[in-house]
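Here the structure comes first, spelled out in C-alpha cells, and everything after it is commentary.
The values are calculated or read from the model by the stated rules, or taken from the named source; none is laboratory data. Bear in mind the structure is a predicted one, so any value in this text is a computation, not a measurement. Here the Cβ is made from the backbone with ideal geometry for all residues, glycine too, and neighbour counts use every protein chain on show. Each accessible area value is taken on the protein alone, full model and side chains, heavy atoms only, with ligands, DNA and RNA left out. Shrake-Rupley method; radii C 1.70, N 1.55, O 1.52, S 1.80 Å.
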Amino acid sequence: MAVVDKWTGLGSALASFLFLWSMVQRHVPVTLSHRVATWANKLASYFNPYLEITISEYGAKRFRRSDFFLAAEAYLSDACAPRARKLKAELGRDSSNLQVSVGDNVEVTDAFQGATVWWYVAKKVPRSNVISLYGHQDEPRTYRVVFHRRHRDLVVGRYLPHVLQEGRAVTVRNRQRRLFTNNPSGGGRGRGDVWSHVAFEHPATFDTLAMDPEEKEEIVDDLEAFREAKDYYTKVGKAWKRGYLLYGPPGTGKSTMIAAMANFLDYDVYDLELTAVNNNTDLRKLFIETTGKSIIVIEDIDCSVDLTGKRKDKKAKSDKAADGDDKPKLPMEPDKDEGSKVTLSGLLNFIDGLWSACGGERIIIFTTNHKDKLDPALIRRGRMDRHIEMSYCRFRAFKVLAKNYLDVEEHELFGQIAQLLEETDMSPADVAENLMPMSKKKKRDANACFEGLVEALKQAKQEAAAKALAEAAKAKEEAEAKEKAEAEAKEAKEKDKAAAEATENRGEDKGKDSKMSNGEIKEGDK
C-alpha cells in the first residue's frame, strides 16, 4: 500500500511539474526561453559523451532528395538490415529477388574500425495537427547518426565518406530500371511524388530493331560517345545531355527505338505527358526530380499541347467568366480552364536553359509524325542534336525482321519481296504482323509467311495506285472546277462591266437630249 501511495505521489508531482512548465513557457519571453534551452544543452553535454549528426531527406530550400540521404539508405539496407528488428521488403532488379531494407522508427548498430555507430531512422512529425487545404504531404524522413565524441574525427573523416561510397555502389548494383510518368499537377501530393513509376521491362534491343544496319551502327556509336564524354562536355562548357528527334509515319518503330536506347545505355525512362502539366514552373519541377542516367521522352510533341501561344480566344472566354464570378475560391479548387499553360519558351528552357544543367547524363527525345509542324526553334541543333528518320520498311530492315521472327536469312521469295518493298510503303509494324505465326492451331511456316507478305504487299501496292488515281482525279476535278469558277467569274465581271458602260452611255445620251431640248425652247422664246 505504501508503494502504491509513493508512486501516486510521484505521478502527481510529475503532472504538477509539467503543468507549471507549460505555464512558464507561455509567459516567459522567447529570448529567455531560448537562452535557458541553450544552457540546458550545454549542461547536458558535460554529462553526455555522445555526438549526433542528422541527415535529412531534403535539405533547406531544396527541390530534390539529398544524394547523401539516398546513399545512406542504400548502405543501411545492405550492411545493417540483418541487425534491424523492423524491415521493409520489395522486389529487386530482376523482379524475382527480394530486397530487405531498414524500416522507419528503428535503431540499427554499425561498427567501423573499432568505433560503434548507432543509426536512428525516423520521420519528422508535425508540431501541431493542422488541416491543410493543399492536401496530404509526406513527412520528410531523417537519419540520426550517434557516436562517442572520441570517434568524431574517424566518423566525419572516414566513416561518412565510406557510407557515401558504399551506398552509391549498392545503388548501382541493385538498381532496377524504371519507367516513370508524371502525375497531374496540383494533385495534392508531396514534393517527392511528382513521378510515378513501374519496372521497365521492354525487351527491345538494337539487334531486334527493324532498321538499316548501317544507320543503327551510327546511332550506337553516337550513344557510346555520349556516355563516355563527361569530361569533354565539361571541357567545352556544355551540360551533359543530348537531344534526339525521331520522326516518321506511325508504326515505323519510334517507341521501339527509345526502348532499345534505354536497354543499351541501362537508363531509366521518364515519359513526360505535357497535357498533365499546368505551367512552366511545374515543368521545371518535374525536370529537377529526374535523375541522371535517364531518358526524358515527349511522344507526339506536335499533338501534346499548343506551343504556338494561340490561346487568345480560350483565354478571353476564361477571363470573361472569371469577371462575372466574384466568389472567392479555395486553394484546392481547380481553375475552370484546366488546359496546360506550358509555353514554347518554357519548353525551350526545359531543354537547354539554365535548369537543364541540373544533374547530368540525360537524353531528351521528341517523337512526331509530322516534323514540318514543329517550330524550328524547338528542333534546331543544340536542342535536338540528331534527327533520326524512322521511315517505311525496306529490304535491309525486312531481313532483320525475317531473322528475328522466323530465323530465316535467305529465301527464294526475297527477290520479289525486295522489289515490292521498294515500290510500296509499308511500315515495319505491318511487315512484322505478316511474319508472325497465326496460332498454335494454325501454324504457318516461313513459306506461308513470306507468301502472305507478298500478297499483302501486292494489295498495298494496288490500293496505293488506286488512291493515287483517285487523288489525281479529285485534283483534276478541283482544277477544272476552279477554272470553270474563274471563267464564270471573269464572264460575270465582263457582263457587269458592259452593263456599267451601257448605263453610262445612256446617261450621256440623255444629257445631250436634255441640252438640245433646252436650246430649242430658248430659240422659240426669241
When Thr142 is run through (1) at pLDDT 80 or above; (2) polar (S, T, N, Q); (3) open to solvent by 80 Å² or more (accessible area, probe 1.4 Å), the failure sits at (3)
Residues located in region 203-217, provided they are within 14 Å of Met390 (Cα to Cα) and not in a loop (DSSP other than H, G, I, E, B)
Pro213, Glu214, Glu215, Lys216
Tell me the residue from Asp266, Asp231, Asp212 that is among the acidic types (Asp, Glu) and touching a helix residue (DSSP H, G or I) at 6+ places or on another chain (Cβ under 9 Å), please.
Asp212
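Table: residues versus (1) in contact (Cβ under 8 Å) with a residue 24 or more places away in the chain; (2) touching an Asp or Glu at 6+ places or on another chain (Cβ under 9 Å); (3) open to solvent by less than 30 Å² (accessible area, probe 1.4 Å).
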residue	(1), (2), (3)
Ile219	yes, no, yes
Glu228	no, no, no
Tyr232	no, no, no
Gly251	yes, yes, no
Met257	yes, no, yes
Thr290	yes, yes, yes
Ser294	yes, yes, yes
Asp300	yes, no, no
Exactly one of (1) part of a helix (DSSP H, G or I); (2) modelled with pLDDT of 85 or more; (3) in contact with a strand residue (DSSP E or B) (Cβ under 6 Å, 6 or more places away or on another chain) is unmet by Leu76. Its number?
(2)
Tell me, please, whether a residue that is at pLDDT 85 or above and farther than 27 Å from Gly251 by Cβ can be found in region 324-331.
no
How about region 333-348: which of its residues are more than 15 Å from the chain's Cα centre (by Cα), at pLDDT below 80 and either small (Gly, Ala, Ser) or open to solvent by less than 70 Å² (accessible area, probe 1.4 Å) (or both)?
Asp337, Gly339
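So, in region 263-288, how many residues would count as being open to solvent by less than 30 Å² (accessible area, probe 1.4 Å) and over 17 Å from Gly359 (Cβ atoms)?
Step one: list which residues in region 263-288 are open to solvent by less than 30 Å² (accessible area, probe 1.4 Å), which gives 265, 267-270, 272, 274, 276-277, 283, 286-288.
Cutting the leftovers down to over 17 Å from Gly359 (Cβ atoms) gives us 274, 276-277.
Here the count works out to 3.
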Conditions (1) modelled with pLDDT of 90 or more; (2) open to solvent by less than 30 Å² (accessible area, probe 1.4 Å): number failed by Gly167
(1)
(1) crowded, with 17+ Cβ neighbours inside 10 Å; (2) at pLDDT below 80 all hold for Ile131 apart from (1)
